[in-house]
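Structure, as structure tokens:
Values quoted throughout were computed directly from the atomic coordinates according to the rules given, and no laboratory measurement underlies them. Since this is a predicted model, take the numbers as computed values, not measurements. Note that we place each Cβ from the backbone using ideal geometry, even for glycine, and neighbour counts take in every protein chain shown.
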Amino acid sequence: MKKTWLIVFGVILVLALSLVGFYNKMVTKTQAVDGQWAQVETQYQRRFDLIPNLVSSVEGIMKQEQEVFGQLADARTKYGNAGTVSEKVEAATGVESALSRLLVVMENYPELRSSANVAQLMDELSGTENRVSVERRRFNDLVKDYNINIKKFPANLVASMFGFGERAFFEAVESAQEAPKVEINP
């Protein structure tokens, strides 16, 4: 009789330790995904900090492209007010679209490109865009790993028991597929 209880106790102990191990693994993965999203947002903040300086430099040389500047300001505001990852993705796409228009405008005005201040800001912005891309990719890699883990059997049973749900990938909104159109009226 003692031997049977020892076997039952051993099985329960192994199951409990497995459950604790899985739970700790999922907490670690959740924190990794959240931490990586914070890195994405850090790069967005760097971008948003650079935009006003770039806009000010460009505005000092050229006043007629106020629409692009307004779009940039609106997109920054929308991002600041976004609450979910999906809302932030949509707002970030708006910023990228407005920035693309601004870059096209700048290419059509050689005196802007020759400004050392604008050139330096453009280099910094270009570097920031690369960082944003890298951090988004890392975020999606971690989300993929997390989502795979919570969908595998028997982990999916334990994940649902502890409330670990699927996380959303960072995906571009549909309008990001279209190239920006800029019309310049000198």
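Of the peptides 28-35, 1-8, the ranking by mean beta-carbon count within 10 Å, highest at the top, reads 28-35, 1-8. Evaluating 6.51 cos²θ - 1.76 cosθ + 1.60 at θ = phi - 60° for every residue in the stretch 39-53, the Karplus couplings come out as 5, 4, 5, 4, 5, 4, 4, 4, 4, 5, 6, 6, 4, x, 5 Hz, glycine and proline recorded as x. Note on Lys2 and Glu129: the extension gain reaches 39.1 nm, defined as 0.36 nm multiplied by sequence separation minus the Cα-Cα distance. Count charges around Asn81 for me, please; just the other residues with Cβ under 15 Å from its Cβ, Lys/Arg as +1, Asp/Glu as -1. Around Asn81, the surrounding residues sum to -1. Along the stretch 126-141 the Karplus relation, 6.51 cos²θ - 1.76 cosθ + 1.60 evaluated at θ = phi - 60°, assigns HN-Hα couplings of 4, x, 5, 4, 5, 5, 4, 4, 5, 5, 5, 4, 4, 4, 5, 4 Hz to successive residues, with x for each Gly and Pro.
Between Leu17 and Asn81, the simple label model (points 7 Å from Cα in the Cβ direction) yields a spacing of 5.5 nm.
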